[in-house]
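Working notes, structure below.
The values are calculated or read from the model by the stated rules, or taken from the named source; none is laboratory data. Since we're looking at a predicted model, the values are computed, not measured. Heads up, the Cβs are rebuilt from the backbone with ideal geometry, glycines too, and the neighbour counts pull from every protein chain shown.
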Amino acid sequence: MAEFSPGLEGVVAAETAVSEVDGANGRLIYRGGYLIEDLVGVASFEEIAYLLWHGELPDQGQLDGLRLQMSAGRKLNHAARGALMAMDPATDPMDVLRTVVSAQGATKSLTKPSLEEAIALTAIIPTIVGASYRRRQGKEIVEPRDDLGHAANLLWMMEGKESAAEKTRYVDTYLVLLADHGLNASTFAARVVASTGSDLTSCVVGAIAALKGPAHGGATLAARNMLDKVGSAEKAEQWLTEAHARHERFSGFGHRVYRTYDPRARILREMAKSAAPDLHRTATKTEEVALRILHEAHPERPNATNVDFWASVVLTGAGISKEMFTCIFATSRVAGWTAHVLEAMADLRIIRPASRWIGPQPGRKPMQLTKR
Amino acid sequence: MTSNSSYVPGLEGIVAAQTAMSMVDGENGRLVYRGYVIADLAEDMSFEEVAHLLWQGRLPTRAELDALTLELAGSRALTRAAEATLNALPTDTDPMDVLRSVVSVQGVEHRLEKPTIPLAVHATASFPTILAGFHRRQQGLGPIAQRADLGHAANYLYMLNGKESSPEIVRALNTYLVLLADHGMNASTFTARVIASTDSDLASCLVGAIGALKGPAHGGAPSAVIEQLDQIGAAPDAEAWMRDARKRKVKFMGFGHRIYRVYDPRARILKAMCERMNPGFYALASRVEEIALRILHEEHPERPQSTNVEFYSAGVLQAIGLPKEYFSPTFATSRVAGWTAHVLEQVANNRIIRPQSEYIGPEPRKPVPLAERG
């Protein structure tokens, strides 16, 4: 039997044309062969979703069609609304998202994953995120607007007013950058669920569940929390040195795949200058010091800044409250999750790996209860 | 582009975890829980004892079993939010979707706590309450309060039917729950471990696992067995129907398994139970089994085509009186013991499960601006 590779590191679990993380060269390639830096500023989130689903960027007519379909899919059904309102407003927003997506997608009989469902799931998430945020604030839920784009409508439902064009651009860029990233843990979870012939809602719910983990989607919040603790550029050196001495992990640094600077982090770092100038100053100094300390501690490791670090600054600049970060990540990644599931449908085979037995020698006899 | 290993479809034969929970010895047709062969546990152990075995690594003493029974009984009630969610779902919803949604909301109590045995007990206790509550609602009836003096299997049936079931029926359900409680690195268990590997919470792991179990290639098949037997109709018509079905590329439900090369030991036990408890089903099913194995062997003599656990599960669950939409969620009611045990094992020695993919798309190129497309 094959060797055990913890975390399946280096094991190829799928063939995909949805995206490629070229860690050695610091490149992220989206479906169709586009480098991520070439797409930013050229394509909106809706165009990226279309690209991931169809394999090509839409023309104006196709984009208009998708926008129409998405804006028509922004309403919660009765069951989803019931689940949403049943939960305490203080509930973790990722738990709200997991539950309400599950209820929204509850059906009478099993359905095969389809593009229509992918669009519906992508369209509904901002509604849930917005409602969950409003309820946390003790405010009225804001109904979706069908005349706004995906990013603008998300901000509308969260804030109850139209956002400045700049903020919408920050959010849209973030959504473009995070929409897919190879076979990460949540995407892999979605593909494992899909491999049993289950429905698309189950795949997305499983993916949300995986994204919730602090080692995955929760990392953006952790990065922002660390910046809050650092406090200011002036205090960075001292705080990080002390934290390192306490063996605290620096949030926002290190990635299993990239051996050079993450191209998404590079774009967000640039954007952070105008999005959140003060936090950008703190973050720049924090990055400089953290990379130096990490390099001194482990010169052999490629310890680069990851996307979460700079994403936390840009999302802050867009006015997104930090407890909503992971949900915003899901708002983007659902495009990739659904694209991967649709891709996997073409050649479905159950993902059922092996395990290595490390328990007691089989065959011992159980003792009767009274004799134990 | 970044990997030197080659792609193995379905990760077949790839070791994804080390485990001391259960071992599927496909060559010899053995299923082993924590060192005990399933046949030695099936008849005499309660589901509670097996859950204790999986969680703690050993069978409980009398005092430990009493404590666990008490803890399970004390954790059966749904939270207010879970109850409201259950009541918001349309009454014709697939009970697997109900389970997925209500387990999700029931679990929000735990926030981002690290998975623990008490949380595993709490989650395991809630499954029968959710299913029975929804089943009652489908019939326009109110929920039945749990009975703390009844064991896991007996109480599930009590809450479903509003009356106590016969000892034989309770025993049959208990044996079913014991048999299905764990099974190596199956797709739903693996899903739970992938989710756990990100440091997510237990409810998240379970919700993902339920989603995977729902798939027809995994836990969604026992109801399909009944449906196919209904189509076949009667034993004398079986061969003609089945030969014709193969011409139409219809799959025989309840046959084939990636791992077992000989008869699944659970199927053997369930088959004997069917013969005793559900003679009508058994008469047709055993005939269909014989023909299916013969036809499959004719088609692929090289393949070890054996009856899988779902085939006779269907007859046992039917004899117990469960509606067929409740077969898969009852599977989940058993497997939750294994899922939670695997999650605890994963977090005790964790590393994020993040395999690689092989890029098969086009080489890098430049995007065309929107105005110039089309």
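Of all the numbered requirements in (1) more than 17 Å from the chain's Cα centre (by Cα); (2) within 14 Å of chain A (Cβ to nearest Cβ), B:Ala234 misses one, and that requirement is (2). Looking at segment A:203-251, which of the residues that are closer than 30 Å to B:Leu202 by Cβ and among the acidic types (Asp, Glu) is farthest from the other protein chains (Cβ to nearest Cβ)? Across segment A:203-251, the extreme among qualifying residues is A:Asp228.
In this entry, A:Ala123 passes the filter for residues that are in contact with a Lys or Arg (Cβ under 6 Å, 6 or more places away or on another chain) and farther than 28 Å from A:Ser274 by Cα. Is it true that A:Ala207 is assigned to a helix (DSSP H, G or I) and under 19 Å from B:Ile352 (Cβ atoms)? Yes; evaluated as a whole, the condition is true for this residue. In segment A:11-37, the qualifying residues are those that are assigned to a helix (DSSP H, G or I) and at pLDDT below 95, and the one that is nearest to B:Ala17 (Cα to Cα) is A:Gly23.
Answer yes or no as to whether B:Val37 is outside the structural domain of B:Ser334 (by TED's automatic domain parsing) and of a type in the set (A, V, I, L, M, F, W, C). The answer is no for B:Val37. Residues of segment B:180-231 that are in a loop (DSSP other than H, G, I, E, B), within 9 Å of chain A (Cβ to nearest Cβ) and of a type outside the set (S, T, N, Q): B:Gly184, B:Met185, B:Asp199, B:Asp201, B:Lys214, B:Gly215, B:Pro216, B:Ala217, B:His218, B:Gly219, B:Gly220. Of B:Gly29, B:Gly13, all but one fail to be more than 7 Å from every other protein chain (Cβ to nearest Cβ) and of a type outside the set (A, V, I, L, M); the exception is B:Gly29.
Scanning segment B:71-109 for residues that are modelled with pLDDT of 95 or more and either hydrophobic (A, V, I, L, M, F, W, C) or not assigned by TED's automatic domain parsing to the domain that holds B:Ile144 (or both) yields a total of 16.
On inspection, A:Ala190 does not qualify as in a helix (DSSP H, G or I), small (Gly, Ala, Ser), within 13 Å of chain B (Cβ to nearest Cβ) and over 20 Å from the mean Cα position of the chain (by Cα). Residues of segment A:195-245 that are polar (S, T, N, Q) and under 28 Å from A:Ala335 (Cβ atoms): A:Ser195, A:Thr196, A:Ser198, A:Thr201, A:Ser202, A:Thr220, A:Asn225.
Can B:Ala42 be described as modelled with pLDDT under 95 and over 19 Å from B:Leu150 (Cα atoms)? The answer is yes for B:Ala42. Taking the condition assigned to a helix (DSSP H, G or I) and either within 14 Å of another protein chain (Cβ to nearest Cβ) or modelled with pLDDT under 95 (or both), does B:Phe127 pass? Judged against the criteria, B:Phe127 is not a match. In the condition set (1) more than 18 Å from A:Leu28 (Cα to Cα); (2) in contact with a Gly (Cβ under 6 Å, 6 or more places away or on another chain), A:Ser251 is compliant with all but (2). For residues in segment A:20-40 being without any contact (Cβ under 8 Å) to a residue 12 or more places away in the chain and of a type outside the set (A, V, I, L, M), which is nearest to the other protein chains (Cβ to nearest Cβ)? Filtering segment A:20-40 for residues that are without any contact (Cβ under 8 Å) to a residue 12 or more places away in the chain and of a type outside the set (A, V, I, L, M), the one nearest to the other protein chains (Cβ to nearest Cβ) comes out as A:Gly33. Scoring B:Asn186 on the criteria (1) closer than 25 Å to B:Gly26 by Cα; (2) of a type outside the set (A, V, I, L, M); (3) touching a Ser or Thr at 6+ places or on another chain (Cβ under 9 Å) leaves a single failure, condition (3).
Pairs are defined by a Cβ separation below 6 Å, a sequence spacing of at least 6 or placement on different chains, a first member in segment B:357-371 that is at the interface with chain A (Cβ under 7 Å from one of its Cβ atoms) and more than 22 Å from A:Glu9 (Cα to Cα), and a second member that is of a type in the set (A, V, I, L, M, F, W, C) and outside any loop (DSSP other than H, G, I, E, B); the pairs so defined are B:Pro364/A:Ile29; B:Pro364/A:Leu35; B:Pro367/A:Leu39. Which residue out of B:Asp40, B:Asp44 is within 7 Å of another protein chain (Cβ to nearest Cβ) and surrounded by fewer than 18 Cβ atoms within 10 Å (Cβ to Cβ)? The conditions single out B:Asp40.
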